[in-house]
Structures are given as structure tokens and as C-alpha cells.
Amino acid sequence: MREATRRILSRHEHTVVSAASAAEALDVFSEIGPAVGLLVTDVVMPEMSGKELAERMREIHPSLRVLYISGYTDDIVSPHGVLEPGIPFLQKPFDARALLTRVQQALAAPTGGEAGSAQAR
């Protein structure tokens, strides 16, 4: 899924830096943080949650925008406190159009947090 997402975004003129793990993402981000406009992360990952990854990255770059993806449905993810309502979210599987739409919405959302980004659902 990571490679397919990278290819789709790259084909549509987005610069993509891919990481195989949360630890790798943090290492890369510590070097290029301010150059990153959007983090696309899975909600559930082995080392840490996507939410925790985003919080750690926002310690370096507070205005980082985030798009969460998951194989779990929005109605499962949100009520269990994984993500609050209004957070940009894309359910897997998704097609190129859905990904590109959510990425554009997330990039257009206000910076400095995720509040106010309900349009990305």
C-alpha cells in the first residue's frame, strides 16, 4: 500500500519521502521536517500509532498537516478514541482519485493542528 500511495502521489507532482517504519519516518523527519507539508500515515502500525507518530513530528514542526489512513472504518476508528471526529481520514482500500482528493483537502486544511478539517472525511 505504501508503494502504491507513493507512486500515485509522485505521478501527480507531489514530492514523496517514504519510510518503512515509524522509527525510520522520525529519523528522516528530524533531518527534513520543515520541508514536509503533509504526513500520510496509517492509524495502526507495529511500533507506534499514526497519531503518536504525528504528535512526535509536531513537536518538531507544529504546523504539520496529517492524513490518516486505515483498513478500519471511520465509525470504528473515531468512537474508540483513536482519532477524534473531523480528523482527515481515508479508508483502505482506496483508489487514486480518493487519495488525491484527501491529500488536497488535508493540504488545504488550517495549519497548527487538525481542528477544523472535517471536510476531509
- Can you work out the accessible area per residue across segment 15-68, with the rest of the protein chains kept in place, probe 1.4 Å, in square angstrom? 52 Å²
- Please work out whether segment 1-71 counts as rounded, prolate or oblate from its C-alpha gyration tensor, where a ≥ b ≥ c are the square roots of the eigenvalues and a/c under 1.5 means rounded, while otherwise a/b larger than b/c means prolate and anything else oblate? oblate
- Query: Want the number for Leu107 to Arg7: 0.36 nm per residue separation, take away the alpha-carbon distance, what's left?
  - Reply: 34.2 nm
- Solvent-accessible area, 1.4 Å probe, carbon plus sulfur percent, for segment 3-73: 51 percent
- Where does the charge balance sit around Leu53 when Lys and Arg score +1, Asp and Glu -1, over other residues with C-beta under 10 Å from its C-beta? -1
- Given labels modelled 7 Å from the Cα in the Cβ direction, how far is it in nm from Leu100 to Ser18? 1.9 nm
- Rounded to the nearest 0.05, what FRET efficiency is calculated for Lys92 and Glu31 with R0 set to 41 Å and r the Cβ-Cβ distance? 0.90
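The values are calculated or read from the model by the stated rules, or taken from the named source; none is laboratory data. These numbers were taken from a predicted model, which means no experiment stands behind them. Note that each Cβ is placed from the backbone with ideal geometry, even for glycine, and that neighbours are counted across all protein chains shown. The protein model used for the area step is the full one, side chains on, heavy atoms only, and it has no ligands, DNA or RNA in it. Shrake-Rupley method; radii C 1.70, N 1.55, O 1.52, S 1.80 Å.
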